[in-house]
Structure formats: C-alpha cells, structure tokens
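The values are calculated or read from the model by the stated rules, or taken from the named source; none is laboratory data. Bear in mind that the values here come from a model prediction, so they are computed numbers and not experimental data. Here the Cβ positions follow ideal geometry from the backbone for every residue, glycine too, while neighbour counts run over all protein chains shown.
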C-alpha cells in the first residue's frame, strides 16, 4: 500500500514543472561538483605518486656524503588524497600537501592548495557534501511545499483527508516521496559513479566501501530529517505563505548560519595556541642550531657519563653523539608542543561535532569529513606517520656518524649502501574504525534529529487540518 | 499621479512600521552583524597580538645575540665555530639573522575577514629564501577556513540578501495572497504606482536599518567610525548599493504579481545560483583555463636545482669569482670559504634557475586574481565580498603588495650582508690573537629593518566606489525592468 502511495506521490511531484526543473538543475550542479572533485582527486593522486617516486630516486642516488648531510637532504613526504575526496574534499585544500622531513625540525606541512587563492576560487571550492548540506534542505523544503502546502491551497488536500483512514497515510508517503526524489537526484548518482571509479582505478577496499556506505547513510539520514521537517512544517502551518517563510528561515538558520556560527564559536571557545607562540616555544626549547654553551654542556655530560676526561677518549664519534642527543631532546619538545596543538585541533573538531545537536547540517558536515577521510584527524595521522619516518631516518644517520670515530677535522661519509637501508615512505592507510572518534557526538546528534523529525512529522499529522 | 504615489508611500511607511515581520528580520540582521564583527575583531586582534609578540621576540633575540657577542670577545684555547659565532658576519647572516616582515591591519579590517585568515600577516626574512616568500602560514583550524567565518562580510554578502528577499516578498505580496489585490486594482491607482510605493516604503525601511546597523556593528566591535569615516562611509554606500541590487531584483520578480511562494522560490533559486552554483562553474572554468600553481612542481624543481648546483658547486663558485672583478684575483680562497659565504654566491644562481617557473606561477596567480575580480562584477555576492575585503585591507591585492615589499627588503638585506660577507674574501678582518670569537661583525643595530609602506587609501576606496557604481547601475536597470513589468494588474483579477 505504502509503495503504491509512494509511486503516486512521486508521479505527482514529477508532474510539477518547477519541482522537476529544480531537481534536474540541482542534480547537474551536484554532478559537476563531483566531476570537478574526481578530476582533482585523480590529479592529486598522480602528483603525489610522481613526487614520491622522484624523492625516492633522489634519496638513493644522492651519492657519497656525510650521513648528517643526508639527514638534512632527506625527502619531502606527500599526503595522499582522502579516500572519498571527490565526494567531500573536506579541509584538504587548507592543509599543506607536503612536508620536508629534515634533521632537527618537525616542519609544517606546506603548500596548501587554497592557501593564496582569490575569492572566486575559495567560494567555488564546493563539493557534493557541502552542496548537499547547503542546498539539500532547500530542495527538501521546496518539494515539501509543492507536495503539501500548495495542494492545500488548491483544495485537493481536503479531498485526500476525507478519503484516508489516517492523516499519516497521506503524510508518510509524501515525506518518503520527497526523500526518494532527493536521493535519486542528489545523492545516489555521485555515490554510484564514485563506487564505479574506485573499482576502475583499483582503489576499492573493504574500508573504502564501508566509508562509501556510511557516507551515503549519513546523507540519506540528513535528507530524511530535512524532508520530515519540511513536511511537518507544511502540515502544521495552515497558511502556505507562512509555511514557506518558516521553511526558508529554517533553511537559512539550520543549513547556512549555524554550521558557520558553530565553527566560529568553537574556535573562539576552544582557541588554538597561535603559530607564533608555538614556533617561538620550539625555537626556545629545541633550536635547530644549538649555541656554543649548549654544545659544551652536552660534551661535559657525555664525559661525565662515560667517566673520561677528554672528548678524544669517548668510545664513539662525539659529533654523532651530540647530534643524537639534540635530536632526541627535540623529539620530547615536538611531542609536547606540537602534539598538544594537534590534540587541541582534534578536540575542537569534537566540540564542533557536539554542535550537531543545534543543527543536523553541523552533524552531517562533521560526519561527512570523517567518513571521507578529509578531516584534520586523518591529516594528523599523516603528520604522525611522516614524523615517525623522519625520526627513524635521522636517528639512523646519526648512529652512522656516532659509530664511526674519525680523526679531528675528518668527516664520516656513507653511500647508497646506507641510503638503501632506509625504506621508502608509505603513509599508512587510516581505517575508519580508528579515525571516527571526533565525529561520535555528531552521529548521536544526527540520530536524535532523525527521531525528533519523524516524531514531529507524526505529531504534525495528528493535528492536520485541510 | 505623483500625489497618488507620495500618499501611498506615506501610508505604506506608517503601515509597514507596524509589521512584526519587518522588525523581527531587522533584529536578526542586527544580531548577525554584531556577532560577525565580534568574530572578525577577535581574529584580527589575535593576529595583531601575534605580530607584536613576533616583533618583541625578534628584538629579544637581537639583544641576546648582542650580549652573546660581547661575552665571546675574550681569549680562548679553541676558536668558536663560525655557525655559533654572532661576531662572524657569515655566521650571523645565516644562523643569527632573525627578522619578520609585518603586514598590519587597517583600522576598518573587521569589515571583512576576506583572505586574512589564510594569507600570512607575517613573513620570516632569510637571505636564502627563494624570492623572499617562504610558504609559511599561521595554523588556523582548516575546518573554519573551509567553512568560512561568520564575519560581517558573510552577513552582508549572504544573509542580507535573504533578509531583503524575505521582507520584500512577504510585505509586497500580502494583497496578492489574501485576495485584497482585486480590491486595490478596482481603485483609481495605476499598478506601477501602487507597487512602487510599496517597494519604495519597504526599501526605505531596509536601507535606513542597514545604514544604522553597519556603523553600529563596526562601532560595537571597537572601530573609531569618526576617525575612519572615509572608509566607513565608502563601505556603507557600497552595502546600501548591494541592498538596492537585491531590492530591485526582488522588485523585478514581484512585478509579475506572483504569490509569495512563487516569488520566494525564484529569488532563493537566484541567490543559490549567484552565491553557490556560479562560483563553482567559475572556478572550474578558471582551473581549466589557468591551472592553479602547483606547490609540488615547485618542490620538485627546487630539489632538482639544488642537486644540479651541488653537482657543479665548485665550478659555479669559480665562475662566480671570475665574473666579479673584486673576487677574480682571489680564486685561491675558494677552498677556504664557509658554507654561508658560498651560499651568497650560489643563491642568485639558484633563483635564476627557479625564475622561469616562479614567473610562470606568479603570472598564473595574477591572471586568476584578475578573473576573480571580473567574476565579482558578474556575481554580486562575490563582488561585494571582494570589494569589502579590499576596503578592509584583507584582500589578495594588498597581500601581493606585501610580498613585493618583502622581496624588496630581502634584496636590501642581501646587498647589505653580501657586501660584508664577500668583503671578508677580499679583505678579511684580522682575527684578534687567541680570540674565541671572529670579531668581524658588530653592526647589529645598523641592519636594515622592514618598514611596511601602506598603499594609498584611495586605492582601496576606488575599488569600493567602482563596485558601488556598478551595483547602482545594475539596480537602476532592474528598477526600470520592474517598472515596465508592473504596468498591468494580473490578468486573472
């Protein structure tokens, strides 16, 4: 019965000329945004691979040199595009793509794709997720109005109410028809193409398919919330112009103002330390070039530890030992200072996800980026992977110097035999299970919105008037 | 005819002042503006504080370096390595020189955050940085950057049009929706006059509110609007022109006598096209035509260049010596010079090899900036955002000027230091006997420092005036279209 009513409602919706054109226009915009994202993802992927291969070749072919010079030469590690970047590029365009893994410093990731973009390019950097979040509710409300409020104005609702055994029999098929129309026009085409592309490009994996399914489910839930709210408002508010005004106001508040407002509020309420303070702290506590006094103090500590009077009597290369000491000291500082900043950035994401209770758009936005792998937490995994690799590489080079005592004025050298002992940098795949923590409050919030919206729909239907 | 219009206008002005929808919309707009200016002010206050701390830290570093230099002026059994010696000019120039170029905010910066959340307000100055511009940035949470800030610019560009459309549509279609329009049409009044009076009254209330709310929200966030009156005045006229654009756009739609739902549907769709869909298309077209500069390509070239230079290092340094009359007679010193001194000769060669890609990327950036400016005239929400950020000094063009001045200062620093560093090749300062430090550099206070020269205020104001004129011209055309469309009452009446 529901299926028949649903097909009738769908047919009625499709018959409305402006509804048809709205859906077609939005579908075209969605697919265009998806195509743009997919092309960018492919370009980024190939650039990443090319640079990684070039860096590996350079590392192996750097020739004979001091291992510490090799630690400075090192490599540039490059971030891979997010698994679902074509559907939600998330924050990727505002994060550095590469990081130089040199000795002494945990460098920032550099070269943000939109780091110096003009307004057109920032404003035009929309993707299917942001479009669904911003325009999905608008489409849902337009359809809800077309489906209900207009038929009330025409008087056809009175006839339907008279014939139905319960108002729910009218309202639920209408809400479902709106949801199905939105899914078919806005959501499923992009998801289907992205799934196909994943198989064609041999990117498909259990994790990717899980992400795709969960991402689709999140936006289906989001659109369902909006369809239910739209129908509930149209049912509850008797007057068509008032209903539409309320729906437009809800769209502006829920989809446009609150996500931005929440993000800004979270930044003000949970501020990050300024980069200036962080850099200064790193300079103060772990400078790249240590002073003569620090160098003398380190040598004195080595002499005391090994109970010898002269540097020449130490059983290892003192320069290598000093480099190693400085490096290990800096690791503790980096973990404390930069680790704290990254923890606080992720805590901000969790706080933003909690704002999902204020707006389903905030909840969907938060969940979407985590599922797409394009949030800061995924980027942090890259930073941590790269830093682990840097430390292993630099430590290995320092040990090479430390283990080879040479005459004063001479330098230790090494060649490709040592360079080839360092494996190529391959950032680990981040599984969804290990990365979705910051978005957990958003999932609860979205589910609560879904329950509340369906409840509001049932409540509105009970008091439905022709 | 004119008597009829003014009578209607007076009646509409009184009548509309009693409409709750008008006051609710304006109250929400005022609250959004206040929240927006508060947020913009918070960001810029934090950036200004970071700039002051940076300057203080640079000064503290220089003072501690001078103290170190004084304490190293003593006898010692082993000399200090040059990279730990601030009195060695080569060592100082590479390992101790610490300066920042600072781009201060203008007094009305909170008008729009613009690009100030992504573009650095401080750049570190190093002699070896290719073209002076290190790709550094202040870490702002990328979620906020991607989503955009809730600042005054956002409220004006995106929320104000929706408020204008809602108020216009709800108050101008009331008679149409309630059937009263039939009675109005039966009176001795022309449809154009009746609609012009209604829209004029709504517009008057809206423009008056905007004219009060914009300066009030700026003052609320701490802007001295009396002192900054040219900027505030220009911004206000620009915002009023933008509001007029959306009013006349609404008038064009309302002039075909639709119901509220139909009018709102069309206007919201137009808003979505101008504010969301068209920029996506614009960006895609621009990317295809002028691809964005690739950071990865620059890294790859820098690495290849560094390898190539390293492979022929000694030859290149000899060539550089031979090319300089003052150095040509000192070829025997090539083997003695330290890394820092060698880099004073190699850095210009590295830059020359990177220059073609750098030039190409700079041209691509400039073209993309120009295309964005042109798009602003076609897409008013984008245009007002750009114009507001230009007036606020948070735009891309001011940052490009900052980069130019930073580069010029780096060139001054290079000239200053290179002369001293390379002077040690031809005429080395004798090291004091048994001295711990090299003692060939003590001019710490004479090092040139960066001074930002603010471009003339008129440059920023001109951009605002140009967009204002354009919006007024478009608004007048739209008003004419609305006037023509409203010449008859709806046929079904």
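Just to be sure, is residue A:319 at pLDDT below 95 and in a helix (DSSP H, G or I)? Write out each step before concluding.
Details: at pLDDT below 95: yes; in a helix (DSSP H, G or I): yes.
Answer is yes for this residue.
Only one of B:299, B:309, B:285 is within 30 Å of residue A:78 (Cβ to Cβ), touching a strand residue (DSSP E or B) at 6+ places or on another chain (Cβ under 6 Å) and in a helix (DSSP H, G or I); which? Show your work before the answer.
Values: B:309 fails: touching a strand residue (DSSP E or B) at 6+ places or on another chain (Cβ under 6 Å); B:285 fails: touching a strand residue (DSSP E or B) at 6+ places or on another chain (Cβ under 6 Å).
Selected residue: B:299, the only one of B:299, B:309, B:285 that is within 30 Å of residue A:78 (Cβ to Cβ), touching a strand residue (DSSP E or B) at 6+ places or on another chain (Cβ under 6 Å) and in a helix (DSSP H, G or I).
Looking at B:413, B:472, can you tell me which residue is in a helix (DSSP H, G or I), within 24 Å of residue B:391 (Cα to Cα) and touching a residue at least 12 places away in the same chain (Cβ under 8 Å)? Outline the logic, then answer.
Values: B:413 fails: within 24 Å of residue B:391 (Cα to Cα).
Residue meeting the stated conditions: B:472.
Could we say that residue B:407 is surrounded by fewer than 23 Cβ atoms within 10 Å (Cβ to Cβ), over 28 Å from residue B:36 (Cβ atoms) and within 11 Å of chain A (Cβ to nearest Cβ) here? Steps first, answer last, please.
On the way: surrounded by fewer than 23 Cβ atoms within 10 Å (Cβ to Cβ): yes; over 28 Å from residue B:36 (Cβ atoms): yes; within 11 Å of chain A (Cβ to nearest Cβ): no.
The answer is no for residue B:407.
Working only within segment B:108-135, note down all residues that are more than 7 Å from every other protein chain (Cβ to nearest Cβ) and over 14 Å from the mean Cα position of the chain (by Cα).
Selection gives B:123, B:124, B:125, B:126, B:127, B:128, B:129, B:130, B:131, B:132, B:133, B:134.
Got a sec? Which helices (runs of 4 or more DSSP H) wholly within segment A:124-186 have at least 3 residues that are within 23 Å of residue B:265 (Cα to Cα)? Break it down stepwise before answering.
Values: elements: A:128-144, A:150-154, A:156-163, A:168-182.
The helices (runs of 4 or more DSSP H) meeting that bar are A:128-144, A:150-154, A:168-182.
Under 7 Å between Cβ atoms, at least 6 apart or on separate chains: pull out the pairs that start in segment A:240-259 with a residue that is touching a residue at least 24 places away in the same chain (Cβ under 8 Å) and end on any residue that is assigned to a helix (DSSP H, G or I) and surrounded by fewer than 19 Cβ atoms within 10 Å (Cβ to Cβ).
A:240/A:153
Here is a check on your reading of the model: is residue B:337 more than 10 Å from every other protein chain (Cβ to nearest Cβ) and either outside any loop (DSSP other than H, G, I, E, B) or touching a residue at least 60 places away in the same chain (Cβ under 8 Å) (or both)? If you could, list the steps in order and put the result at the bottom.
Numbers: more than 10 Å from every other protein chain (Cβ to nearest Cβ): yes; either outside any loop (DSSP other than H, G, I, E, B) or touching a residue at least 60 places away in the same chain (Cβ under 8 Å) (or both): yes.
Taking the combined requirement at face value, the residue satisfies it.
Would you pick out the residues in segment A:250-283 that are at pLDDT below 90, more than 7 Å from chain B (Cβ to nearest Cβ) and more than 20 Å from the chain's Cα centre (by Cα)?
Result: A:269, single match.
So which of B:43, B:26 is more than 9 Å from chain A (Cβ to nearest Cβ) and on the phi < 0 side of the Ramachandran plot?
Numbers: B:43 fails: more than 9 Å from chain A (Cβ to nearest Cβ).
That would be B:26, the only listed residue that is more than 9 Å from chain A (Cβ to nearest Cβ) and on the phi < 0 side of the Ramachandran plot.
Which residue out of A:8, A:29 is in contact (Cβ under 8 Å) with a residue 24 or more places away in the chain, more than 10 Å from chain B (Cβ to nearest Cβ) and assigned to a helix (DSSP H, G or I)?
Numbers: A:29 fails: more than 10 Å from chain B (Cβ to nearest Cβ).
Among A:8, A:29, only A:8 is in contact (Cβ under 8 Å) with a residue 24 or more places away in the chain, more than 10 Å from chain B (Cβ to nearest Cβ) and assigned to a helix (DSSP H, G or I).
Report yes if some residue within segment B:52-68 is in a loop (DSSP other than H, G, I, E, B), buried (at least 18 other Cβ atoms within 10 Å of the Cβ) and within 10 Å of chain A (Cβ to nearest Cβ); otherwise report no.
Filtering segment B:52-68 for residues in a loop (DSSP other than H, G, I, E, B) gives none.
No, segment B:52-68 contains no residue that is in a loop (DSSP other than H, G, I, E, B), buried (at least 18 other Cβ atoms within 10 Å of the Cβ) and within 10 Å of chain A (Cβ to nearest Cβ).
Residue-by-condition table, conditions (1) more than 9 Å from chain B (Cβ to nearest Cβ); (2) out of contact with any helix residue (DSSP H, G or I) (no Cβ under 6 Å at 6 or more places or on another chain); (3) buried (at least 23 other Cβ atoms within 10 Å of the Cβ):
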| site | (1), (2), (3) |
| --- | --- |
| A:53 | yes, yes, no |
| A:70 | yes, no, yes |
| A:84 | yes, no, yes |
| A:92 | no, yes, yes |
| A:118 | no, no, yes |
| A:139 | yes, no, yes |
| A:148 | yes, no, yes |
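Determine which member of the set B:150, B:220 is at pLDDT below 95 and surrounded by 18 or more Cβ atoms within 10 Å (Cβ to Cβ).
Values: B:220 fails: surrounded by 18 or more Cβ atoms within 10 Å (Cβ to Cβ).
None of the others qualify; the one that does is B:150.
Only one of A:264, A:294, A:268 is crowded, with 18+ Cβ neighbours inside 10 Å and without any contact (Cβ under 8 Å) to a residue 40 or more places away in the chain; which? Break it down stepwise before answering.
Working: A:294 fails: crowded, with 18+ Cβ neighbours inside 10 Å; A:268 fails: crowded, with 18+ Cβ neighbours inside 10 Å.
Within the list A:264, A:294, A:268, the selection yields A:264.
Return the only residue of A:428, A:424 being in a loop (DSSP other than H, G, I, E, B) and either at pLDDT 95 or above or closer than 30 Å to residue A:134 by Cα (or both).
Numbers: A:428 fails: either at pLDDT 95 or above or closer than 30 Å to residue A:134 by Cα (or both).
Every option except A:424 fails the conditions.
Does residue B:414 qualify as being within 30 Å of residue B:72 (Cβ to Cβ) and crowded, with 18+ Cβ neighbours inside 10 Å?
Working: within 30 Å of residue B:72 (Cβ to Cβ): yes; crowded, with 18+ Cβ neighbours inside 10 Å: yes.
Answer is yes for this residue.
Kindly list the number of the only condition in (1) in a helix (DSSP H, G or I); (2) more than 9 Å from chain A (Cβ to nearest Cβ); (3) more than 30 Å from residue A:133 (Cβ to Cβ) that fails for residue B:270.
Of (1) in a helix (DSSP H, G or I); (2) more than 9 Å from chain A (Cβ to nearest Cβ); (3) more than 30 Å from residue A:133 (Cβ to Cβ), only one is false for residue B:270: (3).
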